[in-house]
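Taking it in order: structure first as structure tokens, then the write-up.
The values are calculated or read from the model by the stated rules, or taken from the named source; none is laboratory data. Bear in mind that the values here come from a model prediction, so they are computed numbers and not experimental data. Glycine gets a Cβ as well: all are built from the backbone with ideal geometry, and neighbour counts include every protein chain shown.
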């Protein structure tokens with residue numbers, strides 16, 4: 001009887017871990033229905049094995065406010081994953097690093113729409129940009145530099 005209970009407990013624990021791992025890849029994106037670069041960023045995430053749920057909206061302001069974004073940190077689309085906000089054209093690998101490190105933060109942002117960032121590809125053009133980690137107070141630090 002104890003062995004059976006232990007087996008059930010291990011099975012439930014494994015199921016919980018599996019569900020948690022699956023949820024790590026679930027990202028919810030809010031974007032304008034007419035924005036092509038947002039759609040390209042969604043494709044970038046899908047190509048990097050994220051499970052993407054897209055919500056098209058013409059009013060992103062309440063979503064950006066919920067994410068704690070100031071105008072200086074804003075971009076064109078906002079996403080949420082595992083309690084973090086992801087703003088703008090953040091590369092998938094930076095999202096993975098954020099999830100692995102799990103810092104105490106509100107989220108990541110790439111302010112504006114820099115050429116060469118995921119979803120903003122423009123041939124050989126590559127603007128330098130930074131992925132910023134931001135906290136509840138809107139304070140930032142550089143998470144990744146892209147030349």
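Can you find even one residue in segment 44-60 that is touching a residue at least 40 places away in the same chain (Cβ under 8 Å) and part of a strand (DSSP E or B)? Looking through segment 44-60, none of the residues is touching a residue at least 40 places away in the same chain (Cβ under 8 Å) and part of a strand (DSSP E or B). Right, residue 118: over 18 Å from residue 30 (Cα atoms), part of a loop (DSSP other than H, G, I, E, B) and at pLDDT 95 or above or not? It is false that residue 118 is over 18 Å from residue 30 (Cα atoms), part of a loop (DSSP other than H, G, I, E, B) and at pLDDT 95 or above. When segment 71-96 is limited to residues that are more than 8 Å from the chain's Cα centre (by Cα), part of a loop (DSSP other than H, G, I, E, B) and at pLDDT 95 or above, the one that is surrounded by the most Cβ atoms within 10 Å (Cβ to Cβ) turns out to be 89. For segment 121-147, filtering for residues that are more than 15 Å from the chain's Cα centre (by Cα) and touching a residue at least 60 places away in the same chain (Cβ under 8 Å) leaves 4.
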